[in-house]
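The values are calculated or read from the model by the stated rules, or taken from the named source; none is laboratory data. Note that the structure is a prediction, hence the values are computed from the model and not measured. Every residue, glycine as well, gets a Cβ built from its backbone with ideal geometry; the counts of neighbours run over all protein chains shown. Just so you know, the surface numbers come from the protein's heavy atoms only, side chains and all, with ligands and any DNA or RNA stripped out. Shrake-Rupley method; radii C 1.70, N 1.55, O 1.52, S 1.80 Å.
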Amino acid sequence: LGLWKLVGLNTTPWAPDASQSATWNLGSYLVNGPGHCNECHTPRNALMVSDMSRLLEGGPHPDGQGKVPSLHGLVERKRYTDKADLVSAFQFGETLGYEHMSSGGMGEVQTNISKLPQADVEAIAEYVLSLK
(Lines give C-alpha, C1' and ligand atoms only; values in the text may rest on other atoms or scores of the structure.)
Protein backbone atom coordinates (compact mmCIF):
# COMPACT_ATOMS: atom_id res chain seq x y z
CA LEU A 1 0.00 0.00 0.00
CA GLY A 2 2.84 2.35 0.84
CA LEU A 3 4.44 1.80 -2.57
CA TRP A 4 1.10 2.41 -4.33
CA LYS A 5 0.67 5.66 -2.37
CA LEU A 6 4.16 6.72 -3.35
CA VAL A 7 3.46 6.03 -7.03
CA GLY A 8 -0.20 6.94 -7.24
CA LEU A 9 -1.10 9.53 -4.63
CA ASN A 10 -1.07 13.03 -6.05
CA THR A 11 0.17 15.32 -3.29
CA THR A 12 0.37 18.44 -5.43
CA PRO A 13 -1.75 21.10 -3.71
CA TRP A 14 -4.40 22.87 -5.75
CA ALA A 15 -3.32 26.32 -6.92
CA PRO A 16 -5.41 29.04 -8.54
CA ASP A 17 -4.88 29.91 -12.20
CA ALA A 18 -4.09 33.63 -12.41
CA SER A 19 -5.31 33.73 -16.01
CA GLN A 20 -8.84 32.72 -14.96
CA SER A 21 -11.61 34.52 -13.07
CA ALA A 22 -12.22 34.17 -9.35
CA THR A 23 -15.43 32.25 -10.09
CA TRP A 24 -13.63 29.82 -12.40
CA ASN A 25 -10.93 29.28 -9.75
CA LEU A 26 -13.58 28.61 -7.09
CA GLY A 27 -15.16 26.04 -9.39
CA SER A 28 -11.78 24.46 -10.12
CA TYR A 29 -11.06 24.24 -6.40
CA LEU A 30 -14.44 22.69 -5.58
CA VAL A 31 -14.26 20.15 -8.44
CA ASN A 32 -10.60 19.21 -8.02
CA GLY A 33 -10.37 19.55 -4.25
CA PRO A 34 -13.19 18.71 -1.86
CA GLY A 35 -15.50 17.54 -4.65
CA HIS A 36 -12.85 15.02 -5.82
CA CYS A 37 -14.80 14.56 -9.08
CA ASN A 38 -11.74 12.99 -10.66
CA GLU A 39 -12.16 9.87 -8.53
CA CYS A 40 -14.93 8.68 -10.85
CA HIS A 41 -14.63 10.94 -13.91
CA THR A 42 -10.92 10.32 -14.59
CA PRO A 43 -9.75 7.01 -16.08
CA ARG A 44 -7.20 4.92 -14.21
CA ASN A 45 -4.11 3.07 -15.39
CA ALA A 46 -3.19 -0.58 -14.77
CA LEU A 47 -2.10 0.27 -11.21
CA MET A 48 -5.51 1.88 -10.57
CA VAL A 49 -3.89 5.31 -10.35
CA SER A 50 -5.85 8.21 -11.82
CA ASP A 51 -4.45 9.16 -15.22
CA MET A 52 -4.22 12.90 -14.55
CA SER A 53 -3.23 13.53 -18.18
CA ARG A 54 -6.87 12.62 -18.94
CA LEU A 55 -8.43 14.55 -16.04
CA LEU A 56 -12.25 14.34 -16.04
CA GLU A 57 -12.40 12.60 -19.44
CA GLY A 58 -14.56 9.74 -18.16
CA GLY A 59 -13.85 6.05 -18.00
CA PRO A 60 -15.04 2.73 -16.60
CA HIS A 61 -17.40 3.00 -13.63
CA PRO A 62 -15.64 2.20 -10.33
CA ASP A 63 -18.17 -0.55 -9.55
CA GLY A 64 -17.19 -2.28 -12.80
CA GLN A 65 -20.50 -1.79 -14.58
CA GLY A 66 -20.86 0.79 -17.32
CA LYS A 67 -18.98 4.01 -17.87
CA VAL A 68 -18.68 7.35 -16.14
CA PRO A 69 -19.12 10.17 -18.67
CA SER A 70 -16.53 12.73 -19.60
CA LEU A 71 -17.07 16.21 -18.20
CA HIS A 72 -15.40 17.72 -21.27
CA GLY A 73 -17.43 19.42 -23.99
CA LEU A 74 -20.81 19.13 -22.27
CA VAL A 75 -22.34 21.97 -24.33
CA GLU A 76 -20.62 20.86 -27.53
CA ARG A 77 -21.98 17.32 -27.03
CA LYS A 78 -25.43 18.84 -26.38
CA ARG A 79 -25.71 17.46 -22.84
CA TYR A 80 -26.46 20.99 -21.60
CA THR A 81 -27.26 24.18 -23.45
CA ASP A 82 -25.37 26.64 -21.27
CA LYS A 83 -24.23 27.45 -17.73
CA ALA A 84 -27.77 28.09 -16.46
CA ASP A 85 -28.86 24.70 -17.78
CA LEU A 86 -26.02 22.90 -15.98
CA VAL A 87 -26.73 24.85 -12.78
CA SER A 88 -30.36 23.67 -12.97
CA ALA A 89 -29.20 20.10 -13.50
CA PHE A 90 -26.97 20.30 -10.43
CA GLN A 91 -29.74 21.83 -8.34
CA PHE A 92 -32.75 19.78 -9.46
CA GLY A 93 -31.40 16.65 -11.17
CA GLU A 94 -33.88 14.21 -12.59
CA THR A 95 -36.73 16.02 -10.83
CA LEU A 96 -36.65 18.50 -13.72
CA GLY A 97 -35.88 15.90 -16.38
CA TYR A 98 -32.07 15.94 -16.39
CA GLU A 99 -31.78 12.33 -17.45
CA HIS A 100 -28.99 10.30 -15.82
CA MET A 101 -28.02 13.07 -13.38
CA SER A 102 -28.88 10.76 -10.50
CA SER A 103 -27.64 7.46 -11.93
CA GLY A 104 -24.48 5.53 -11.19
CA GLY A 105 -23.85 7.11 -7.81
CA MET A 106 -24.46 10.67 -8.97
CA GLY A 107 -27.72 10.85 -6.99
CA GLU A 108 -25.94 11.58 -3.73
CA VAL A 109 -23.50 13.91 -5.46
CA GLN A 110 -26.31 15.87 -7.14
CA THR A 111 -28.20 16.08 -3.82
CA ASN A 112 -25.10 17.41 -2.07
CA ILE A 113 -24.34 19.92 -4.83
CA SER A 114 -27.94 21.16 -4.65
CA LYS A 115 -27.34 22.14 -1.01
CA LEU A 116 -24.37 24.38 -1.84
CA PRO A 117 -24.73 28.15 -2.02
CA GLN A 118 -25.85 29.39 -5.46
CA ALA A 119 -22.44 31.02 -6.08
CA ASP A 120 -20.66 27.70 -5.53
CA VAL A 121 -22.98 25.81 -7.89
CA GLU A 122 -22.49 28.48 -10.55
CA ALA A 123 -18.70 28.33 -10.06
CA ILE A 124 -18.71 24.56 -10.50
CA ALA A 125 -20.76 24.90 -13.68
CA GLU A 126 -18.46 27.61 -15.05
CA TYR A 127 -15.38 25.48 -14.46
CA VAL A 128 -16.88 22.26 -15.84
CA LEU A 129 -18.17 24.00 -18.95
CA SER A 130 -14.68 25.37 -19.62
CA LEU A 131 -13.36 21.82 -20.09
CA LYS A 132 -13.05 21.27 -23.84
Checklist entry - If you build a Gaussian network model of the chain, linking Cα atoms that sit under 10 Å apart, which residue out of ARG77, ARG44, ARG54 swings the most? => result ARG77
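What whole-number value in Å² describes the accessible area per residue of the stretch 1-94 for a 1.4 Å probe? Please list the in-between numbers first.
Working: 6000 Å² over 94 residues.
Accessible surface, normalised per residue, equals 64 Å².
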Checklist outcome for this item: What helix-only [θ] at 222 nm does the chain give? Using -39500 (n - 2.57) per DSSP H run of at least 4, over all residues, to the nearest 500, the answer is -11500 deg cm²/dmol
Checklist entry - Under a 5 Å amide H to amide H cut-off, with H placed in plane at 1.01 Å, what residues pair with VAL68 once short-range neighbours are removed? => result GLY59, HIS61
Checklist entry - What net charge is computed for the residues neighbouring GLY104, neighbours being all others with C-beta under 15 Å from the C-beta of GLY104, Lys and Arg scored +1, Asp and Glu -1? => result -3
Checklist outcome for this item: Relative to the chain, whose Cα atoms define the longest principal axis, helix 83-92 and its Cα axis are tilted in degrees, nearest 10, by 80
Checklist entry - What is the helix-to-structure angle for 22-32, meaning the angle in degrees between its Cα long axis and the longest Cα principal axis of the chain, kept from 0 to 90 and rounded to the nearest 10? => result 50
Checklist outcome for this item: Probe 1.4 Å, all chains present, heavy atoms only: SER21 accessible area in Å², nearest 10, is 50
Checklist outcome for this item: Lys and Arg at +1, Asp and Glu at -1: neighbours of ASP51 with Cβ under 12 Å from its Cβ sum to +1
Next on the checklist: Rounded to the nearest percent, how much of the accessible area of the stretch 1-116 (1.4 Å probe, protein heavy atoms only) is carbon and sulfur?
Outcome noted: 59
Checklist outcome for this item: Treating only Lys and Arg (+1) and Asp and Glu (-1) as charged, each at its beta carbon, one finds that the stretch 1-98 has a dipole about its Cα centre, in Debye to the nearest 20, of 160
Next on the checklist: Less than 15 Å Cβ to Cβ from GLU122, Lys/Arg counted +1 and Asp/Glu -1: what total charge do the surrounding residues give?
Outcome noted: -2
Checklist entry - Hey, in the GNM for the chain with a 10 angstrom Cα cutoff, which one of LYS67, LYS115, LYS78 fluctuates hardest? => result LYS78
Item to check | Nearby lysines by direct alpha-carbon distance to LYS83 (threshold 20 angstrom, same-chain neighbours under 8 apart not counted) | outcome: LYS115, LYS132
